[in-house]
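Let me begin by presenting the structure, written as structure tokens, before commenting on it.
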């Protein structure tokens, strides 16, 4: 009788603790979901409005390629752009400066495996680049998404 009574007392104390932990974790998950949705909406809103702030033809073309990659897939495009070199690869695009002085890179990953890079080329150098637009799958920790890429067929320093 005493063992059962002791068990009931422990259950009365432990059950509310477990319930509180479960409810707290579900509440936290829903907060994360709401925050993620809001951040995604804010990000999408920013992406839609960025076109209104940019007046550079190359930047606008790159934005359009990112928004509608299937429209550009397998098409040949030529850009007067900047060359960018990163730890994990290359891209072409422009560093756009806003009236506030802030800057933002508008770029597209570039595959230079079919051409030789001009000797002495460095990041931020201006180039004329032509290539075929493709789509690759960009893998992240828990998800992946499709990303446009330009398979460069010719590159030279801009005049």
**OP:** Quickly run through region 93-120 and pick out the residues that are closer than 19 Å to residue 50 by Cα and in contact with a strand residue (DSSP E or B) (Cβ under 7 Å, 6 or more places away or on another chain).
**Re:** 93, 94, 95, 96, 97, 103, 104, 105, 106, 107, 108
**OP:** For residue 79, indicate whether it is more than 15 Å from residue 135 (Cα to Cα) and assigned to a strand (DSSP E or B).
**Re:** yes
Original post:
Which one of these is out of contact with any strand residue (DSSP E or B) (no Cβ under 8 Å at 6 or more places or on another chain) and without any contact (Cβ under 8 Å) to a residue 12 or more places away in the chain: 52, 85?
Top reply: 52
Subject >> Complete set of residues in region 115-131 that are over 24 Å from residue 75 (Cα atoms) and without any contact (Cβ under 8 Å) to a residue 12 or more places away in the chain >> reply: 119, 120
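Only the coordinates and a few stated rules stand behind these numbers; no lab work does. What you see is a predicted model; the values in this text were computed from it and never measured. Glycine gets a Cβ as well: all are built from the backbone with ideal geometry, and neighbour counts include every protein chain shown.
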